[in-house]
1. Determine whether E633 is surrounded by 15 or more Cβ atoms within 10 Å (Cβ to Cβ) and either at pLDDT 95 or above or not in a loop (DSSP other than H, G, I, E, B) (or both).
2. Suppose we filter G591, G528 for residues that are surrounded by 17 or more Cβ atoms within 10 Å (Cβ to Cβ) and under 23 Å from the mean Cα position of the chain (by Cα); which single one remains?
3. Does the range 266-276 contain any residue that is farther than 30 Å from G727 by Cα, crowded, with 22+ Cβ neighbours inside 10 Å and not polar (S, T, N, Q)?
4. Scan the range 298-327 for residues that are assigned to a loop (DSSP other than H, G, I, E, B) and within 19 Å of Y129 (Cα to Cα) and jot them down.
5. Determine if the range 400-409 includes at least one residue that is closer than 30 Å to D374 by Cβ and not β-branched (V, I, T).
6. Being under 34 Å from the mean Cα position of the chain (by Cα) and more than 30 Å from V502 (Cβ to Cβ): is that true of E451 here?
7. Within the range 304-316, does at least one residue satisfy the condition of being within 29 Å of D211 (Cβ to Cβ) and crowded, with 21+ Cβ neighbours inside 10 Å?
Amino acid sequence: MTPSFSPLSSAVLLALAAPAIAHADDAGAPARDVTELDGLEVQGDRVERASSPKYTAPLLDTPQTITVVTREVMDQQGLIGLRDILSTLPGITFGAGEGGGGYGDSVNLRGFSASNDITVDGVRDSAQYTRSDNFNLESIELVNGANSAYSGAGSVGGTINLASKVAREGDLTTITVGAGTDSFGRATVDSNFDLGDGQALRVNAMAHRNDVPDRDVEEYERWGIAPSLAIGLGTDTRLSVSYLHQQDDNIPEYGVPYFAAYGGLLPGVSRESYFGYRNMDTQQVEVDMLTGIFEHDFNEAISIRNLARVQRVDQYTVVNPTQGTWCLDAGVNPATGEACTSPGTYQPSGPRGTTRDTRNGLAYNQTDLTSRFDTGSVGHSLVAGLSLLHETYGLESGNSQRNADGTPPVYPLMDLHAPDSIYTGPINYVRSGRNAGTLDNQAVYLFDTMEFSPRWQLGLGARYERNDGSTRARAFDAAGNVTSDATFDNSENLFSYRAGLVYKPAQNGSVYLSYSDSRTPSKASVNGSCTVQTCEVDPETAVNVELGTKWNVLDDRLALTAAAFRNERQNYKVADPGNPDNPSGMQQLDGQARVDGVILGAAGRITSAWSVFANYAFLDSEVLQSVSDFVKESTGIDAQAGNPLANVPEHSGSVWTTYALADWTVGYGVNYQGSFYLASLDDAPQARSYTMHRAMVGYQFNDGFALQLNVDNLFDKQYFTRIRNNGWATPGAARSVVLTATVRF
């Protein structure tokens, strides 16, 4: 496949045309009502700056696509979990089932895995678990493009940052109580108490439960509390201490049998059916996070900030994935196309009863020194920083469905149309493995935005880091004897950088060209492991080249963005079988892939009553090489070369808009995700495109009380996410209705 570059030309034309729709006086912009809100600089309903101090310029002048989902947008749409929120952003898909660290959020961004590129307040959150609730979040920031200079090792397709709430000045309490279909029940409290003398206490709390719409078994239950204490607010020296505790008790979603050749869901199977065991399947998550932030302003030009965090995430899962042998009513096995002997049945097999007990620990410290100064006629906004990270990981894995002698039971046939979801076989836990991992990272970085004139800026940034990781993997037989015990280490010195040139044709607009890269070592995360074949391989590299424009229009009420980019993995590890010059079988950095695309966005208010949050992405992906040079030269075969990357929709987008009329507010949203290939192979099956609608209506009785009614999946569209090729998929939630009462005082 030869990539089309016509979207790049379109973006350039849009960049040139943008000034025609903007209106501003070069001599000065309208006065702005800018406030600080939990680390975010906000202009009205539009975020002015990213939350991280590493970003030395406002979003308008930052040469990179950054999409911010604000608290207001989340609340209006009734979005609660991370997957729900990210599903409204284009270019993102989700993996099926378990990742390398266990069941949880598995995110693909621009065709590249971003599961280890999730951060909380700029600190990496590498544990694999379900981030199910936003009760303590102020916003979510999606940073698009290779991004190691800002975020550290990895970040091939970008970074997802969760910005937490913290105590602030002013008294305000917000209480919400919600009830809805599918046993939905939710209550939250967000109370900020101004204690005077620059001190404040904020307490967030949440209790929640819900069944999954149109699913018979899966359910989510959780509660959480997050206090935050701040002192020195409004002074030169400030300190905040925040704590988060959340516990989840869920029945996870592995979904239904899905085969693209049959249109997805197998004939005769209901999307309500549950193919696991309801009396065994569980996901229990406990998160504890303690964060302290110290800030001091030496003067108006120089300040220092230190963030320290300790965190632990425990997760225990017992799962029965939707895996086995299917026999359709017509006597055909959909996986092979061959005849089968038990029509209308499902024979469970594979990882039934899989049990995993994991613990992730983190200790982190980051210091940032920010200064603003001039060298001659050049103005500088500079951040110099140092970060220290230590992570630990422990995993015990095994199976809870074993006979007393450790052998697997014989699973009875199930009715394909009405599967038996109660397990009645033997219950004996047999340990199969125990892994322990550590990761240490020390980094220094420097970012500078240089202003040469009111029209020209140059942003430069660099990061140097030392990344040391170790994994010990032990395997056991059914009798508990150790069958293997190996320790693998990986140490790398990584250097990443970025540069962006910004031209401002008007004070309310910018046009930019940027370059950034990423470095991914073999031990990029604490819960990832390297092997004999990978530990000595040099880090993978990726680059992002982006041409874009940003405009604040309509008296700065509305932000418009457009960018064309190339995100390219310049090399990634591939197997090298049969190479006589590589007797150890070490993998080679010969893989190459790229994504060319265009991304458009609009956020803010068109009028004082009409708001909009809209995004669109066009992604043209291609595998350039998927085998080693030796394999390619000796066989001439590269089965994936020229094919699109898996899980990359060519077109995707969403629009959410609200209109306020007197005391009423109505909202409507549309999410579209185009079809995408489930594998990078010739004639690979495709996941179908879908369009999903949601609506909202709210009534403000007075300043202190409001009601809001949300309808999700308004037209009850049947669609699927987290699709595993020729395996299973998770049905999108069916139509649901939630009524929420909000009290403020």
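The values are calculated or read from the model by the stated rules, or taken from the named source; none is laboratory data. A quick note: this is a predicted structure, and the numbers were derived from the prediction, not measured. Cβ sites come from the backbone with ideal geometry, for glycine too, and all protein chains shown count toward neighbours.
1. No, not satisfied.
2. Selected residue: G528, the only one of G591, G528 that is surrounded by 17 or more Cβ atoms within 10 Å (Cβ to Cβ) and under 23 Å from the mean Cα position of the chain (by Cα).
3. no
4. N320, P321
5. No, because not a single residue in the range 400-409 is closer than 30 Å to D374 by Cβ and not β-branched (V, I, T).
6. Answer is no for this residue.
7. Yes, the range 304-316 has at least one match.
Conditions (1) surrounded by 18 or more Cβ atoms within 10 Å (Cβ to Cβ); (2) among the hydrophobic types (A, V, I, L, M, F, W, C); (3) in contact (Cβ under 8 Å) with a residue 60 or more places away in the chain, marked per residue:
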residue	(1), (2), (3)
E546	yes, no, yes
L558	yes, yes, yes
S584	no, no, no
Q587	yes, no, no
